[in-house]
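The values are calculated or read from the model by the stated rules, or taken from the named source; none is laboratory data. Since this is a predicted model, take the numbers as computed values, not measurements. Neighbour counts run over all protein chains shown; Cβ positions are idealised from the backbone, glycine included. Please note that ligands, DNA and RNA were not included when accessible areas were found on the heavy atoms of the full protein model with its side chains. Shrake-Rupley method; radii C 1.70, N 1.55, O 1.52, S 1.80 Å.
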Amino acid sequence: MGSPSVPVTVSTNRHKVEVEEFSDAVLSCLFHTEKDQNPRIEWKKKAKEVSFVYFNERFRGPFEGRATIDGATVTLHKVTQEDAGEYRCEISASQDAVSLGETNVTLNVLVPPQTPSCEVPASAVTGSVVQLRCRDQQSVPPATYSWFKDNKPISPPRHANATYLINSHTGILEFKAVAKEDSGRYSCLASNGVGSPKMCVGKHMAIEDVNITVIVGAVVVVFLILVVCGCGGMLLHRNGLLTQGPRGRSFWISQCHGAAHISSQTLHRTEDTSNVNYIPPPQEHQDFKHTQSFML
C-alpha cells in the first residue's frame, strides 16, 4: 500500500508588508513539494485585472529591471504608490499528485506627510462663522492635523460651549463667532507617523468690527435717491412732461427710471380743460351762500 500523497504547500512569513515609499519590499513565498524539485514559480498582482509580476523565469511589465527573486521570494526595489496592492505567489509542481499551491501577500506603501495646503481668510467680521482648512492629500496613511496661532498650539476644546472646534481628521478649524482676540497668524501641522511632520507657512487673519457708520451712510444715500426721484416725478407731472399710457393705466417717469412709478388712477387726472373756448357757468343768485357773519 503506497504512502498518502502530500500536496504542494505554499506559505509566507508575512501576509501584510508595510514599507515607506522608495524603500525595498520583500514579498516572501516558501514552498514544499512532494517529488518535483523544479516547480514553476509565478507571481501575480491583483487589481482591476490580474497581471503578471514574474512569469516564465522573468519579471514582467513595470517590475522588469527593478525586482529580484531568491527561491520564490521576491524583492521589489524603490517601491512607489503604484506598487501597493495584493500579490499572489503560485507554485506548480507537475510531478506531484496535488500540483498547485498558492499564498497571498498585501503590500502597503507608506508615504510621509507633504507640506499641507492651508486656507486662512485674510480678514473677517466680528461675530461671523469662519473656517480655516488644512489638507495633505498625499500622505499614507491619511494625516492628522493640529493648528497653531502665533506659533503656539491651539488645544482641542474641552467643553461644549467653546467658541471654536477642531477636527483633527479633516483639518478644519471653525470659529462659531470670531472676536477681535482671534486675530493672529495661523499655521497647520500634518503628521501620520511616517517620516517627519510638515507645517504650512503661517497666514495672518485680521478680525474687524462691523462699520456701523458705513452702513448708516449707505442707507441714507439710498433714501435720498428715492426722495429726489419722487420729487422729480411730481415736478415733471406738474409740467406735463410725464409719459402717459392708456387711460386708467400706469405710466413711468422717464427721467428717473425705476424710482417712481405713478398711477394715473392715483393722480385722478381730469379731462383736459385748456380749451380756449371754455366758459365757466354763470353763478346764480340762489347759489350764494352766507359763509361769514359781520358785526357792525
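For Glu82, only one of the following conditions fails: (1) open to solvent by 30 Å² or more (accessible area, probe 1.4 Å); (2) part of a strand (DSSP E or B). What is its number?
Just one mismatch for Glu82, condition (2).
In this structure, is Asp182 open to solvent by less than 40 Å² (accessible area, probe 1.4 Å), among the charged types (D, E, K, R) and closer than 22 Å to Thr126 by Cβ? Please lay out each step first, then the result.
Details: open to solvent by less than 40 Å² (accessible area, probe 1.4 Å): yes; among the charged types (D, E, K, R): yes; closer than 22 Å to Thr126 by Cβ: yes.
In short, yes.
When you go through Ala84, Ala162, Ala143, Ala97 one by one, which is the residue that is modelled with pLDDT of 95 or more, small (Gly, Ala, Ser) and out of contact with any Leu (no Cβ under 6 Å at 6 or more places or on another chain)?
Numbers: Ala84 fails: out of contact with any Leu (no Cβ under 6 Å at 6 or more places or on another chain); Ala162 fails: modelled with pLDDT of 95 or more; Ala97 fails: modelled with pLDDT of 95 or more.
Unique residue meeting the criteria: Ala143.
Report yes if some residue within segment 29-52 is part of a loop (DSSP other than H, G, I, E, B), exposed (fewer than 15 other Cβ atoms within 10 Å of the Cβ) and either among the β-branched types (Val, Ile, Thr) or touching a Ser or Thr at 6+ places or on another chain (Cβ under 9 Å) (or both); otherwise report no. First the steps, then the outcome.
Looking only at segment 29-52, we keep the residues that are part of a loop (DSSP other than H, G, I, E, B), and these are 29, 33-39, 47-49.
Subset that is exposed (fewer than 15 other Cβ atoms within 10 Å of the Cβ): 35, 37-38, 47-49.
So of that shortlist, the ones also either among the β-branched types (Val, Ile, Thr) or touching a Ser or Thr at 6+ places or on another chain (Cβ under 9 Å) (or both) come out as none.
So far as segment 29-52 goes, no, none of its residues is part of a loop (DSSP other than H, G, I, E, B), exposed (fewer than 15 other Cβ atoms within 10 Å of the Cβ) and either among the β-branched types (Val, Ile, Thr) or touching a Ser or Thr at 6+ places or on another chain (Cβ under 9 Å) (or both).
Give me the strands (runs of 3 or more DSSP E) completely within segment 89-177, filtered to those with at least 1 residues that are among the aliphatic types (A, V, I, L, M), ordered by residue number.
On the way: elements: 100-110, 117-119, 123-125, 130-135, 144-149, 164-167, 172-175.
Correct list: 100-110, 123-125, 130-135, 164-167, 172-175.
Mind checking which residues of segment 92-106 are among the polar types (S, T, N, Q) and surrounded by fewer than 19 Cβ atoms within 10 Å (Cβ to Cβ)?
Taking segment 92-106 and keeping what is among the polar types (S, T, N, Q), we get 92, 94-95, 99, 103-104, 106.
Within segment 92-106, Ser92, Ser94, Gln95, Ser99, Asn104, Thr106 qualify.
Do the conditions hold for Ala190, that is, is it modelled with pLDDT of 95 or more, aliphatic (A, V, I, L, M), touching a strand residue (DSSP E or B) at 6+ places or on another chain (Cβ under 7 Å) and exposed (fewer than 14 other Cβ atoms within 10 Å of the Cβ)? Reasoning before the result, please.
Working: modelled with pLDDT of 95 or more: yes; aliphatic (A, V, I, L, M): yes; touching a strand residue (DSSP E or B) at 6+ places or on another chain (Cβ under 7 Å): yes; exposed (fewer than 14 other Cβ atoms within 10 Å of the Cβ): no.
When the stated conditions are applied, Ala190 does not pass them.
Condition test on Val17, is it within 30 Å of Val201 (Cα to Cα) and either touching a helix residue (DSSP H, G or I) at 6+ places or on another chain (Cβ under 9 Å) or open to solvent by less than 20 Å² (accessible area, probe 1.4 Å) (or both)?
no
Of all the residues that make up segment 107-128, how many are of a type in the set (Val, Ile, Thr) and open to solvent by 50 Å² or more (accessible area, probe 1.4 Å)?
Initial filter on segment 107-128 (of a type in the set (Val, Ile, Thr)): 109, 111, 115, 120, 125-126.
Then keep just the ones that are open to solvent by 50 Å² or more (accessible area, probe 1.4 Å); that gives 115, 125.
Residues flagged as of a type in the set (Val, Ile, Thr) and open to solvent by 50 Å² or more (accessible area, probe 1.4 Å) within segment 107-128 amount to 2.
Among the numbered conditions (1) without any contact (Cβ under 8 Å) to a residue 40 or more places away in the chain; (2) surrounded by fewer than 18 Cβ atoms within 10 Å (Cβ to Cβ); (3) closer than 23 Å to Ser128 by Cα, tell me where Ile166 comes up short.
For Ile166, the failing item is (2).
Would you check if His77 is closer than 23 Å to Asn13 by Cβ and open to solvent by 80 Å² or more (accessible area, probe 1.4 Å)? Before you say what the answer is, go through the steps one by one.
Details: closer than 23 Å to Asn13 by Cβ: yes; open to solvent by 80 Å² or more (accessible area, probe 1.4 Å): no.
No; evaluated as a whole, the condition is false for this residue.
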